[in-house]
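S.K.: Here it is, the structure in full.
The values are calculated or read from the model by the stated rules, or taken from the named source; none is laboratory data. The structure displayed is predicted, hence computed values, not measured ones. Ideal geometry is used to build each Cβ from the backbone, glycine not excepted, and the neighbour counts take in all protein chains shown. Heads up: the accessible areas ignore ligands, DNA and RNA and are worked out on the full protein's heavy atoms, side chains in. Shrake-Rupley method; radii C 1.70, N 1.55, O 1.52, S 1.80 Å.
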Amino acid sequence: MAGRHAIHQAPDTGCGVLPSGALDYGDDVRGNMVRGARSGWVATVVTAGALVLSGCASFPAAPDAVGQGWPATGVPGSVRWSTDWIDAVSGESEAVTGRVVGLRLEFVADRWVWRLRSVDAGPHGLLGEAPADPDDGVEALVDATSLALVRRHDVTLTDAESAPTDVSAFEAAQSSGEEYPGARLVELERIDDGGAAAWRVTTYSPDTGALSARTVPDGTGPDH
């Protein structure tokens, strides 16, 4: 499995998904390159004059189900294997602001992207005086190959997403058994499983194109 790659940070501008190869620019402008101390993830800034956007649109809604809208050719090998980077993304990418509570591979505007949902760790306000609510969240699209942030917006988390868990997104991802060149993880979703929060873990077979889902309940983390 390949090592972690640089990620180009660029928060949401309020416009639609950019064409493949283009990067957004955005809400935390930083003049210098910032390197994550532990993983080597890199944040860079591009200037507003570097891009020309043709029109704006609302944030792309998630498909009804994972795999919907994918091309018949299936998932290309260039898409990053999520277990290789999901443990590093929290705290080292502007795509997320806290604990990751959702991950899905999508094909949007002729571009493969990862949709990430995370807890908004806050605080808010000009002086940081307003703490985040438990159901405050952030949803982001990142390029599935480069992990460059395409755009993001604020969302309200579901009850399952905002519920505490002893199974992290990385641990749930590891439970998928993802390993090159076999089945790969394409979705992590927090769900209500009979009144209890749990992870739904979906994998994709490059050989057959089949999707397989399993449930990883809370209470199965390293402390149990």
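S.K.: Can you tell me the order of 68-76, 166-174 when each peptide is scored by its average per-residue count of other Cβ atoms within 10 angstrom, highest first? Before the final figure, lay out the partial values.
M.R.: Values: 68-76: 11.7, 166-174: 19.4.
So the peptides 68-76, 166-174, ranked by packing, come out 166-174, 68-76.
S.K.: Skipping prolines and chain starts, which residues have an amide H placed within reach, meaning under 5 Å, of the one on R80, given they are 5 or more residues away or on another chain?
M.R.: T145
S.K.: Hey, another quick one. With θ taken as phi - 60° and the coefficients 6.51, -1.76 and 1.60, list the Karplus ³J(HN,Hα) couplings across the stretch 183-196 in order, rounded to whole Hz; mark glycine and proline as x.
M.R.: Whole-Hz 3J(HN,Hα) from phi for the stretch 183-196: 4, 10, 6, 10, 7, 10, 9, 7, 10, 8, 10, x, x, 10.
S.K.: At a probe size of 1.4 Å, how large is the accessible area of R152, to the nearest 10 Å²?
M.R.: Accessible area of R152: about 40 Å².
S.K.: Provide the gained length on full extension for the span A65 to A121, in nm with one decimal, where the gain is 0.36 nm per separating residue minus the Cα-Cα distance. Don't skip to the end; give the middle numbers.
M.R.: Values: separation 56, 0.36 × 56 = 20.16 nm, distance 2.74 nm.
Net length gain for the segment: 17.4 nm.
S.K.: Sort T203, T215 from largest to smallest accessible area, using a 1.4 Å probe on the heavy atoms of the protein chains.
M.R.: Details: T203 20, T215 60 Å².
So the residues, ranked largest to smallest area, are T215, T203.
S.K.: Can I ask one more? Can you list the HN-Hα couplings for the stretch 135-152, worked out from phi with the Karplus curve (6.51, -1.76, 1.60; θ = phi - 60°), rounded to whole Hz and with x for Gly and Pro?
M.R.: Computed from phi, the couplings for the stretch 135-152 are 9, 6, x, 10, 10, 9, 10, 10, 4, 6, 9, 8, 6, 5, 5, 8, 5, 8 Hz.
S.K.: Show me, for the stretch 204-209, the HN-Hα J-couplings you get by feeding each phi into the Karplus relation (A = 6.51, B = -1.76, C = 1.60, θ = phi - 60°), rounded to Hz, glycine and proline as x.
M.R.: Here the 3J(HN,Hα) series is 10, 8, x, 6, 10, x Hz.
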